[in-house]
Every structure is written in C-alpha cells, then in structure tokens.
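Asks: The structure is given below, and queries will be raised subsequently.
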Amino acid sequence: MMAMKKYTVIVFLILIGSLVSVSGGIAYPILPYGIEPYANSNDECSFEYLIQDTIVLLGGASIQSCKLQGLPTVPCDFTVLKSISNAFTIKINTLLTSNLLPYNKFDVDFVLSNSTIKSIATFNSDGMPLDYTCLKIPTTYPTVSILGAPRLLNTSYSISNYKFQTYLEMDDSFIRPLDDSFFILSNMTGFGMTSKYIDNKLYLLTFIFNSGVSSFPETFSFQVSLTVVPVFSPVALGDYSKVKMGSSMKTTFPCVPNTGNVITYRSLDPTATSVIPVFEQDYIPMFGDSFGFMSLFTLNSKAMTPNYIHQNQWKQMADFSFPDPSSSQIDVSTVNYSPGISLSFRIVTRSDQGNYRFSFYMDELKIPQYYYYPFGLISVSDNEKIFILPTLVRLYQNQVVFNFGVTSYSHLSLSIINSTDSIAPKIESYFLEIINETISVLNLEFSDDISGFYYAAIQTDAHTYFVKGNNLVFGNSLLGHYEIYVPFKKSTSFNISIVDNTGNNQAYSNEYLFHNIGVPNLVSQPLLSSLLSVFYFNVNTVSVSNNPVNVILYLSLKNNNIELNSLLLRVFISQLANPLDIVGSFNVGNDLYQFQFTIPQKVMSSYLNYSLFINEQEIGSDILMGKFGNSAEVYIDNSGDFDMMPPIVLSASVSPNSTDDSPLLVFSLSFNEPKKKVIAQIAGDYDVLGRNFTFTDHQSVIINFKIEANRCRPQTYFINYLYTEDMYGNKGEYIRDSTTIVNGFYSFIDSLQYPYVSCPNNAIDSEYPSITSLSIQQLDSDPFKQLVLVNFTVFDEVPGVSTDNVPLCVFSASDNEFLSIYGQNISINSNGSINYQCLFNIPIGYGTNMFLSIYGISDLHFNYIGYNSDTLGLFNLPYSFNLAPISHPIITSTSSLEQSSEKLIIYGRNFVSSGGSILIDIVYYFNNGLESSETLPLSIITGTTLVLNNLPTANQYKLSVRETTYNLSSNVVILKGPLSSSSSSDNNYSSSSIELCNSDCGAPLGYGQCLNGICHCTPPYIGLDCKSPPAPTPTTTISNCKSDCGSALGYGSCINGACLCESNHSGLDCKSLIDTDTQIIPDPKKPFVNVTKNESSQLQYTSFISVLSLRELDNNNNLVSNYEFNEDKWILIHNNQNQHQYKYIINNLFNTTIVSTIEIFNQTTTVTFANQKLIMNPSTIKFTFNITSYPFSKSTNSLQLVMNVGLESNEKIACSYKEFVDDNQSEYIKIQIQDRSLFGRFIKFGFIDGRQRQITNQQIDIGSKQFSKQSTSDQSFIALNIPFYTNYSLLDPDFSVLLESINAGDLENSICTIDNSKKKLTNAQIAGVVIGGIVFLIVLILFIIFALSKKGNSNIAIKLRKIVGN
C-alpha cells in the first residue's frame, strides 16, 4: 500500500476549479478532511488557518513571532507563504485542547523586529469571527462493523500476503474523522496495524504479520474508543491450516545489483490448492497449475532465509537460503578535464566483475541515457570494454555528478569551482494553455542572478516532467520563459525543483506555488475520492482461462469540466510487464469518462490492482473499493493453469570449442511452451556487434553462426541477448551480465559452457583503424532546418575496414544532450579507405556549442577504435562546432480548417521576440476565383503556439508568420478550408521535422532500424527509440467457421473459427485457387501495386491496390480532418526484389509518419500477426502500415486509413461480382470478373500502442476516381478503423488474385454485359427459370393428388387429409 501523503487543502477550494477572491483580514481554515476531526489521543487538535492582510514593514523590519489575542496560552507558530510589497499571506499553526464549545478568538498579534506589534482581526469570508471546534472522542461504546472478511494482499502483480486488509464502519454517534492513534491493537505483538480514513465514518485497516514472531493467534482484537473489535487471522480460515511446503526447487542467478531467485512451491496436501501461503516478503507470480503448485520470483539485496506461515508459525521454506548478490561493479573515473570547457568520464566494464550494459545521467537530471552499441565504446579486449563519454562543462558550473548503473545508480562527483554564485534560481510565473482534450502547453518563467537556469523537475504522483534549456522560447537563462507539452489540465497541481548552472537548487512546495503564482492547490488525500460521484466497471468478474477479456471503467466527477480535469487509469497486471496507462476519454452522450483495457488470457486469479489519477493525484484501488464497494472491484477468475512468463528455455546446447579457421557454431534451444517469437543475438568477446537471428511460431531455434575465415579471431562466442514471446503476449528479454528481472533464460545464465574458437592459422592484426580526415560544416540548403554535415575517412591497411561495423557520430552539448546518427558509406577509395557521411538535423533549442565524437570503427579482426572529442583533438582533427541557430519563425504544423474556420492553431518555434510583435500574413482563395489578403493580429501568442479566431470562410488559405522588428517571415503554409470541394491534400509546406534518427532504434538488438529519420520498430517493440516493450497481447475468441472449408476435398480445415487453406487454395471457403502466374509490379514512388494477368494475347486482367487517405472521425463518425495522400510526397526508403517500403509525413503537430511496407511472397510462408497464423501463398501481396503518434483533437475520436482496391478486364462481354464479408476473425473483400477475383483479407486486430486491440474494417463510399462500376471493372474503398492511441498503430492486410470455381455470371447480384446480338441469359438466370418451373409443376401435382384424395380411402389419401387438418 502506498503511504498516505499529507496534503492540505483550503475548504473553499475543495471543488476543483473554484476560486475565491480575498481581502485583508479574512482568514481561511485549513481542513484536510473537509470537517474538523476529533481531538487526538492526547485530547489535542492541530489547527491551521491562513490570514491575508497588508502589513507595513518599515526600515527593513520582519515578523518575529505571533500570539493569539484571546488565547494567550495556546501556542502560535507562523509561516510566511507570500510577501509581495506589503501584502502577506501567513499560515498560522495552533494546538488546541478539546472543548465542547467552539474556539472563536483567533485574532493575531504579530511582533515585528522593530518591537512594534501588528494586530489582525480574523473573520470568515461571511464576516463572522473564525471558529473551530475541537471535540473529544465520544465516551460511548460505538457500534463498529467489519465490512467483509480480511483479504490477503495477493494480486497478479505481487504476492504481498504478509499484509491483509479490511474495512471498518463506525456508527452514527461518530460524526468526525478519527486519528490513527485511536486504533489500538490489544497486546498483540505479532501484528502491526495502520488505519486510513476514507469518508463518512469509513476506514481502511491494514494489518501486517510481523517478522521474528514465534506464533500468531487465530483471533486477535483491536480497540476503537471503548469498543473491542475481534478479528480472525486469515491463516486461521479456509485451507490455510493445511498449508505446508512439500517438494521445492530454487534457482539463483545474478540480477544486477541484486540476487534473483525462482522458487517452485508444491503443497504437501494436494487439497490445499485454493490458497497461497503467507510469505515473509514480496514475490512475483510466474506460472503454475494452481496455488498449490506454482513458481515465484523474488529479489534479495542481502543473504536471507525465506519463510512462510505454517500452522500459525513462521517456518523456513525449505533447506535453502538466498545468497548475497555477487560482486559486480563498473570502474568509473574522470579523464581529460579542460577547465571551463569539457570533462570526460572513462568507464571500464570487466567480464569477471559483471560486464553489464549500463545507463547514466548527469547531475540530478534523471533522464537516463541507455547504452546502445557502439555509443561511447573506444576499445575492446577479451575481458574488458572501455568507454569514454565527453560532457561539456557549463559556464559557472561548480560540480559534475555522474550517475551510472543498471537499475540503481552510483554517483561520481567532481568539484570544479567555476563560480561563486550561491543564490538559488526562482520561479516567476506559470501559465497553462489547453490545446485539445489530451495536450496542453505549460509555460514557466524562471530567473537566476548569475549562472542561469539549468533545468527544472515538475513532480506529480503520476509523472515527473523535466524542463531544460532547449525548451526556452523567450528571454535567456537569467530570465526566460520555457514551454513543454503536458497531458494535464488546469486543475493539476504539482511541486517543482529548479537548478541553476552552478548547481544551486530551489525546491518549491505546491503550497508556495499556489499562493504565489497560482498553481492549483493539492486536494488532500482524504478528500480526493469525494470528487467522484459515479464509479463502476462494466464487469466485476472476468474469466481469463481461455480468452482475454476487455474491461471498461466508467466514472463521473462532481465537476465534469473537461477544460479543468484530466484522468488517468494505471492498471497493474504483472511486474514482468509495464503497467497499462489508459487516458480517460469523456463521452458526452452519457456524461461519463471511460477507460477501456484488456486483461490477458491465463493471468493468475486475484483482484485487479489499479490506481486512478485525478489531475495526476493518485487514489489506490483499496480506497476506491472501500468507497464504492463491489462496483469498484474486478475479480480475475482463472479456473485453469496460469502463465505470466514468456517462453522458458528448457534445454540449451552449444558447439564445442573449435580449431577451424572458418568454424560453424551451432546454438540450439528448446522451450517449455509454443512460442510466438524468439530473437537471439550471438556475439563474442571481440565481436561486440554480433548477429541477430529471429524465429517465429513453431520454428526450431537452431542458430547456425558461420564465421568467415577473414574475420576469425580467437575468442569465446555466446548468447548475448534473447527475446522470447508466447502466444498469450508474455514477453521477456535476457541481456548477458545485465539481467535485472526473471526471464526465459534464467536457468542457463551461469551454466552454459560457451565455445571458444582458436583460429590457429590466422595471423591476427592488432593495429586499430584510423580517421585520416574529418570536416564539420553547417549547410544552408534549407532555411528551415539546422543541417550539419560531418564527412570523414577511415583507413586500415591490414586486414581492412569492416563495412559491417558502421561508425556512429555523436554530438554532445552543454545541457548534457546527446544526438547520434549512424554514418553512411559514401564511397570506397582505391587504397581501401572508406568515406563516411553523417548528416544531422539539429533540433531547435539544442545547444549552439557542440562537441563531436565518433564511435564503432572496426577492422575485420574486431580491433575497435572510438574517437571521443578529446582524441579527435589530439590527432588535430576538428571536434568543436558552433551552430548558427535559426532565428526566424518556423511553422511545424497547424490544426485543420476544413470543418470550421472559427479557430486556427499554429505550432512551431521562435514565435516571440524582444520588442517585436508577431503577425499573420494570410491570403484567402474563394471558389469563384477571387482572392484577398490581410495581416492579422493573434488571439494567443506563446513561444510554440499561435491562435487565430474567426477567420473568413474560404476555399483555401495561404499563411505565414512574420516577426515585425526584423521583418522575419516563416515558411508558407497552404490549408484547405470549409468551402473546399475536396478534402485537405497534404501538400502544403516544407516541414522542419528531423530527418535523421537520434538513436540507434535498437538496431543492434533487432528492435528496429532508422530509415530516413524515423525509427521503424520491429514488433513487439515500440517507442521513439524502439526500446520500449509493449504491454501483454490478448488472443482472439474461438468460434466456428461458416463453411466446411473444403475439408472433404482436402482444400482446407477450420482452425480457431477461420478457414485455414492448404497450399494453392484460398478464399473464404478454400475453394478458390491461387493464381501464381501473375505479374506483380509495385510502384517505385508510392505504395501502389499493379497486378496483371495475361490469359491470352487478347484477354488481360488488371488489378490495383493503393492507399488514399487518413481521416480523423469523432465518436458520431463525423469527419474532423482528412489528409489525402499526395502521390509526390511519398518517399521510397527501402526496396529489394520482394519488399518495398515507403514513408509519408503528415504536416500536423506530431508530424505523423506513415510507413507502408509492401511484401510480395514467392513461396508459401507462415507469418504471425495479432496472435493469428496467416498463410501467405505464392503471389500474395501483404501491406503493413505503421502509423506514428497522431494529435487527436479528442481522445474519443478515431482514425480511418482508406484503401482503394480494384479489378478490370479488357474483355468486352463479361460479368462482375463484389462482396464484403465478415468472417469471425477477419473481414474480406472480393471483387470478381468472370472466373478471376482480387481477394483482400483485413484481420480484425492490430497492434495499438504495443497491445493487440480489436479494430474494424468497413466498405465505404467516397466516390469513384478510377472507373465506374460495370461488368468489366469494379473497385471498392475499404476503411481500416483505428481507435485512439498515443504511440503507434500497426495494421496488416493482404491480397491475392484467385481462380474461382464459380463464374461471376453464376452468382446472384452479379452485373453482366448483354450481347445484343445474342441476348443470352446468364447461368444464374437460366437456373432461376428452371427451378421456378419445377416448383410450379410440383405444386400443381400435389394439388391434383389432394383433390382426388378428398374422397379416397387409401393410406396416402388419409395421411393427406390429416396433414391438411393439422
């Protein structure tokens, strides 16, 4: 349980957003509970109140002390919260003795330093004297109700059952909150106890089984006032008396910097499978058949013996203990200190001391930089790696603090006295501008007297936000405004710490920020849940034995003002995966916020653990379940086995040592369960880069690692990285010597004997490659980008430069910002040297003074060399560069004007300047051909955001931003307006978006790759740098197929509700043949595929597949924005024979990027997407769409990606047919002409923010642009509907050309060309005529028989008369 935070709130500010103006002499009581609590067990009440008044202080006088005029014996303490000129806000703290009568004499005398006294009379806002009642707890025997049996704290996230909870409700005689001191355990040393007030006489009680206790009673009691309340110990109930550990197993392995332990618990009593033993520490559940047989994981930082409760006593779990962590350390030192300029840190990792990957951050700016190959690497030997990381010393900096480690950080501090500045920085102002439902701009003004602002940390319960120098939008580091985008609204409160360049730190409490600059006041924890009026889940019990389950939380605030409030739900499923963060979307239809999430299949049975953040303040699920009862509970029910672990390696074998000069090493792994994906990296002592191998589905994991003779160097090769993922979405990764939590390789971390290759006949070179030339220059080819080009040449005489090991260029700046880009091999010279180029697009706001380093240069024998900036200087190569920053305004994106011209939001940089003003030069274009222009002032101006209101309605707008002092203009933007005849074509302007990646995109580990400035992540990885693992992926619900799938003919079979067709067969029922004799031609410029089939010299079929637009829709399916893709703006970023990849950047707030990958399959291949195995037959075309962050105007909105598919024939007389079918797990489009069809499959799931989410696909009508619907051609527009997301969405349709068994003319609702010379009926028409005639004849014959039977006595006649009678 999280400890309760002691917040205070002014009673008149309980409701969010309310504000009361005040005048001198008015006093406000501070009531954390909203009402006065009872006096504590010492019969005392601590009472605080605020006074706002004018106090004239002459001659430098100050307030020295205070006393209460009417209560001279009551202590008086004060805190000055605000002092501007003579206006004071002062907090008074008193300690009152309980009394039946209210206190109302709170007038204050302030004693000043000049011996004068300032007297202030205190009144409420209604003019009455301030009063406070301090009542003693009633001396009665209250009726106390325990609400429900005590519940042990077992969740799928953590087994913490040495604690248990229950709820207590007092009777109506207790009208005020009770202090925790009134809940007293009755002489029971075996338990600990805490209480937490919820509301309205309701309390949460938490009990703890204390360690070191010999035994626990089955019942115990505690006292509230005069009432003794009995409590049954949970271990005395149910099957807990049967709990006893039988066989057990333990595996111990390093988990830097701790020891990791996996234990397997098996109950000695086979009937005790419904309860989890009470353990003495926290455990993470992994997997198990039941609670009586399961595997658990725990960490320990020192040696200990694990215990559990058996028959009310602590008992050692087995005959083992958890050992001390093994010694692992990083050797860090400082080198190359240039006073006032730079300082480098030298890091040495050794194989015998834990050669692990590290992360680091500078000073207290806790934004870690994670190591990725080859960042910082300057040399490699068989047992150590050396890194050197340069940092620029800031002007006036007095101390450098280097923090390094894996999960916990060590600190290296170096004093470098550059300044005598001892005055801390200050915060001057605060402003929050709401952009849309999910994004706001936070503007903060900071000042400092000498050294200047360095950074600020904004703390809330939910997040820490950092403001850095590159966020400066106006002024300078001594007095400047800084802006960042935040996801919260105007009622969000926070604390802030500010650091200047010298290192002086000033922490501001929320209380100070509220009274001085208007940051909203924190709501006290007891009052936070009272802001809610409605709270319930759509289901309170979910069964996850066979399927994942979608859950929706609905809630309402007493003040549902979406301009003021932001809501976040954080769901804790498993500690082996990241918590799920779900942003609340407001549904105006039912006036409720809603949060949808998925509980994966096979999760352990338990109550769901979650937290709600109201304006970034946290309420735990235990408080909400107490307040709202069962409606706030979700019980996860799993009647079968549970599994929250990724696939686990059961056996591993590796090749023996090798003496070959070109050895083939084989690594073989087997797993405990079917796997969805495995990624393994094999690397060596010297071969740091290594190679990655990927396996999917049921492929055997056998890695053949071939070492070429010219690269053979004596070294040991090993599994350096292993990613495993199962069919339920459980994922895990192992990093050699860097394990921090249990993973699928834990059993073999220290047990494998890896192969050593000796390469006996190779003469090993030990000389390093070298940089022979280097230049740095800023390019002026694009006035809206800060382009810096680095050219350098690398030479190695013998054995030559390795082209596999690509150098990494890194710029470092004074704010400890690192920008990196991999070099591009431009050319190879005649002597074997290689010319490389690194092209940086420096972000606006990045430091102007930059130092260059180049890492990752290697020859063919793995002699690595890295040139940090100091080393470049030693070789007389340039390393320092001064950037000429862009000073004119830059527009990066805008909101849309297509639906309405009432408001235009413009995003960019450099929108404010000293002494000048910002105007908009705008031209309006109308449908009648007329145009007009004007210069407009702005409604809102910030450094990054401009707002224009009430623009004239026009067909098109052309605008630019102009700064008037120096007459500097921005880039020109063209926007379509409400009068536009077509939707917005996204061909408007040149963006200043970054074209080069600022990380390696996880490429060395197979997480992704950098293509034209965008990290393209390999599923399941997500994030800007592809290094964030997603949340667990749910599976689909199994249902029956709608046909026999041609199983009788051997064409296919029904698997998991869908037809799985055999090779060469496809279609909804597997009765169509794949046409493999087609010509598939992807377009070289845009994601468009043309498929041609020549039946003969005269007959030809042509199909096409293309991507048209991206549309934003509101929750009523009204169009909000539409981006039609301009064919000329697609960029081909990758192509080979079977795969083409295109990129399109939309000019909006986030520069949303769509990467479209077209893959053509030449042979039958099985791929897996969204937990479905998909068979890709020869000539199948698979599209993959990866869409990055999109600036939704509301979180209830969605996107539509629109595709166009079509088929035509040059045959003059033909029949066509089209259908769109929903078949369980996918939707299908089939367009057929004669016996040929274009068949498209759109599966109903996509990866949305790393989680599998259900999506829908629909056929839409947006008008035909290719050709009209006729018998020889047809087309369809398909919309792939994408729900709201924050990071990325991934979609995966595919298409094939089929040979149909039934001609289109034989299908109902087909369209056929009529040959007037023959006017022949179609087969379907002929069949209709024949069947109709037969039916008519049968009816006629039956009528005759019936007429004859009216008087007949035959059996047939009698039966006919009975039928008619019935």
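Asks: Restricting attention to segment 191-214, does a residue exist that is over 19 Å from Gln313 (Cβ atoms) and assigned to a helix (DSSP H, G or I)?
Replies: Scanning segment 191-214 turns up no residue that is over 19 Å from Gln313 (Cβ atoms) and assigned to a helix (DSSP H, G or I).
Asks: Additional query: Within segment 521-575, which residues are basic (Lys, Arg) and either under 14 Å from Lys627 (Cβ atoms) or at pLDDT below 95 (or both)?
Replies: Lys558
Asks: Kindly provide the set of residues from segment 761-774 that are over 17 Å from Asn805 (Cβ atoms), open to solvent by less than 60 Å² (accessible area, probe 1.4 Å) and part of a strand (DSSP E or B), ordered by number.
Replies: Within segment 761-774, Ser773, Leu774 qualify.
Asks: To continue, here is another question. May I ask you to list the residues in segment 393-410 that are within 18 Å of Asn505 (Cα to Cα) and either open to solvent by 30 Å² or more (accessible area, probe 1.4 Å) or free of Cβ contacts under 8 Å to residues at least 40 places away in the same chain (or both)?
Replies: Selection gives Leu395, Tyr396, Gln399, Val401.
Asks: Residues of segment 1104-1154 being charged (D, E, K, R) and within 30 Å of Ile439 (Cα to Cα), which ones?
Replies: Residues satisfying the conditions are Arg1111, Glu1112, Asp1114, Glu1124, Lys1129, Lys1143.
Asks: I'd like the full set of residues that are of a type in the set (Gly, Ala, Ser) and modelled with pLDDT of 80 or more, limited to segment 1238-1253.
Replies: Gly1240, Gly1246
Asks: Can you find a residue that is open to solvent by less than 30 Å² (accessible area, probe 1.4 Å), within 20 Å of Ile1233 (Cβ to Cβ) and free of Cβ contacts under 8 Å to residues at least 60 places away in the same chain anywhere in segment 1088-1097?
Replies: Yes; the residues of segment 1088-1097 include at least one that is open to solvent by less than 30 Å² (accessible area, probe 1.4 Å), within 20 Å of Ile1233 (Cβ to Cβ) and free of Cβ contacts under 8 Å to residues at least 60 places away in the same chain.
Asks: What is the one condition in (1) surrounded by fewer than 21 Cβ atoms within 10 Å (Cβ to Cβ); (2) in a loop (DSSP other than H, G, I, E, B); (3) under 24 Å from the mean Cα position of the chain (by Cα) that Ile552 does not satisfy?
Replies: (2)
Per-residue answers, yes or no, for (1) in a loop (DSSP other than H, G, I, E, B); (2) aliphatic (A, V, I, L, M); (3) open to solvent by less than 50 Å² (accessible area, probe 1.4 Å); (4) at pLDDT 95 or above:
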{"site": "Ile776", "(1), (2), (3), (4)": "no, yes, yes, yes"}
{"site": "Pro783", "(1), (2), (3), (4)": "yes, no, no, no"}
{"site": "Leu789", "(1), (2), (3), (4)": "no, yes, yes, yes"}
{"site": "Phe792", "(1), (2), (3), (4)": "no, no, yes, yes"}
{"site": "Thr803", "(1), (2), (3), (4)": "yes, no, no, no"}
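Asks: Of all residues in segment 433-453, how many are open to solvent by less than 10 Å² (accessible area, probe 1.4 Å) and out of contact with any Gly (no Cβ under 7 Å at 6 or more places or on another chain)?
Replies: 6
Asks: Residues that are modelled with pLDDT under 90 and not small (Gly, Ala, Ser): find the strands (runs of 3 or more DSSP E) completely inside segment 290-340 holding 1 or more of those.
Replies: 307-310, 313-316, 331-338
Asks: Let me ask something additional. Only residues that are modelled with pLDDT of 80 or more, outside any helix (DSSP H, G or I) and open to solvent by 40 Å² or more (accessible area, probe 1.4 Å): list them for segment 1098-1129, please.
Replies: Across segment 1098-1129, the qualifying residues are Leu1108, Arg1111, Asn1115, Asn1116, Asn1117, Asn1118, Leu1119, Glu1124.
Asks: Criterion first (out of contact with any strand residue (DSSP E or B) (no Cβ under 7 Å at 6 or more places or on another chain), open to solvent by 10 Å² or more (accessible area, probe 1.4 Å), closer than 30 Å to Glu767 by Cβ and not in a loop (DSSP other than H, G, I, E, B)) does Asn710 satisfy it?
Replies: Yes, satisfied.
Asks: Hey, another quick one. Any residue at all in segment 910-921 that is open to solvent by 10 Å² or more (accessible area, probe 1.4 Å), part of a loop (DSSP other than H, G, I, E, B) and over 30 Å from Val441 (Cα atoms)?
Replies: no
Asks: Of all residues in segment 361-392, count the ones that are in contact (Cβ under 8 Å) with a residue 40 or more places away in the chain, in contact with a strand residue (DSSP E or B) (Cβ under 8 Å, 6 or more places away or on another chain) and over 26 Å from Ser497 (Cα atoms).
Replies: Within segment 361-392, residues that are in contact (Cβ under 8 Å) with a residue 40 or more places away in the chain, in contact with a strand residue (DSSP E or B) (Cβ under 8 Å, 6 or more places away or on another chain) and over 26 Å from Ser497 (Cα atoms) number 16.
Asks: Please indicate, with yes or no, whether at least one residue in segment 488-501 is in contact (Cβ under 8 Å) with a residue 12 or more places away in the chain, assigned to a loop (DSSP other than H, G, I, E, B) and under 24 Å from Thr334 (Cβ atoms).
Replies: Yes, segment 488-501 contains a residue that is in contact (Cβ under 8 Å) with a residue 12 or more places away in the chain, assigned to a loop (DSSP other than H, G, I, E, B) and under 24 Å from Thr334 (Cβ atoms).
Asks: What do you reckon, is Glu445 part of a strand (DSSP E or B), under 33 Å from the mean Cα position of the chain (by Cα) and more than 22 Å from Asp815 (Cβ to Cβ)?
Replies: For Glu445, the condition - part of a strand (DSSP E or B), under 33 Å from the mean Cα position of the chain (by Cα) and more than 22 Å from Asp815 (Cβ to Cβ) - is not met.
Asks: Tell me which residues, restricted to segment 824-840, are open to solvent by 10 Å² or more (accessible area, probe 1.4 Å) and either among the small types (Gly, Ala, Ser) or in contact (Cβ under 8 Å) with a residue 60 or more places away in the chain (or both).
Replies: Within segment 824-840, Ser827, Ser830, Gly832, Leu839 meet the criteria.
Asks: Regarding Asp641, is this residue at negative phi, in contact with a strand residue (DSSP E or B) (Cβ under 6 Å, 6 or more places away or on another chain) and modelled with pLDDT of 95 or more?
Replies: It is false that Asp641 is at negative phi, in contact with a strand residue (DSSP E or B) (Cβ under 6 Å, 6 or more places away or on another chain) and modelled with pLDDT of 95 or more.
Asks: Please tell me if Ile1081 is more than 17 Å from Gln1232 (Cβ to Cβ), open to solvent by 30 Å² or more (accessible area, probe 1.4 Å), of a type in the set (A, V, I, L, M, F, W, C) and at pLDDT 80 or above.
Replies: So Ile1081 fits the description; yes.
Asks: Among the residues of segment 84-94, is any part of a loop (DSSP other than H, G, I, E, B), open to solvent by less than 40 Å² (accessible area, probe 1.4 Å) and more than 30 Å from Val603 (Cβ to Cβ)?
Replies: no
Asks: Can you pull out every residue in segment 105-144 that is open to solvent by 50 Å² or more (accessible area, probe 1.4 Å) and under 53 Å from the mean Cα position of the chain (by Cα)?
Replies: Within segment 105-144, Phe123, Ser125, Asp126, Met128, Pro129, Asp131, Lys136, Tyr141, Thr143 meet the criteria.
Asks: Condition check: open to solvent by 30 Å² or more (accessible area, probe 1.4 Å) and free of Cβ contacts under 8 Å to residues at least 24 places away in the same chain. Does Asn876 satisfy that?
Replies: Judged against the criteria, Asn876 is a match.
Asks: Checking the condition open to solvent by less than 20 Å² (accessible area, probe 1.4 Å) and free of Cβ contacts under 8 Å to residues at least 40 places away in the same chain, which residue from Phe293, Phe209, Phe222, Phe279 passes?
Replies: Of Phe293, Phe209, Phe222, Phe279, the one residue that is open to solvent by less than 20 Å² (accessible area, probe 1.4 Å) and free of Cβ contacts under 8 Å to residues at least 40 places away in the same chain is Phe222.
Asks: Only residues in segment 1174-1201 that are farther than 22 Å from Thr438 by Cβ and in contact (Cβ under 8 Å) with a residue 12 or more places away in the chain count as the first member; pair them with residues that are among the aromatic types (Phe, Trp, Tyr) and buried (at least 21 other Cβ atoms within 10 Å of the Cβ), Cβ under 6 angstrom, at least 6 apart or cross-chain, and list the lot.
Replies: Ile1181/Phe1295
Asks: Among the listed residues Gly832, Gly845, which satisfies the condition of being of a type in the set (Gly, Ala, Ser), out of contact with any Leu (no Cβ under 6 Å at 6 or more places or on another chain) and more than 30 Å from Tyr455 (Cα to Cα)?
Replies: Only one candidate passes the filter, namely Gly832.
Asks: Out of Asp171, Asp199, report the one residue that is surrounded by fewer than 18 Cβ atoms within 10 Å (Cβ to Cβ) and within 20 Å of Lys136 (Cβ to Cβ).
Replies: Going through Asp171, Asp199 in turn, just one is surrounded by fewer than 18 Cβ atoms within 10 Å (Cβ to Cβ) and within 20 Å of Lys136 (Cβ to Cβ): Asp171.
The values are calculated or read from the model by the stated rules, or taken from the named source; none is laboratory data. Values in this document were obtained by computation on a predicted structure and should not be read as measured data. Note: ideal-geometry Cβ built from the backbone for every residue, glycine included; neighbour counts use all protein chains shown. The accessibility values were calculated without ligands, DNA or RNA, using every heavy atom of the protein model including side chains. Shrake-Rupley method; radii C 1.70, N 1.55, O 1.52, S 1.80 Å.
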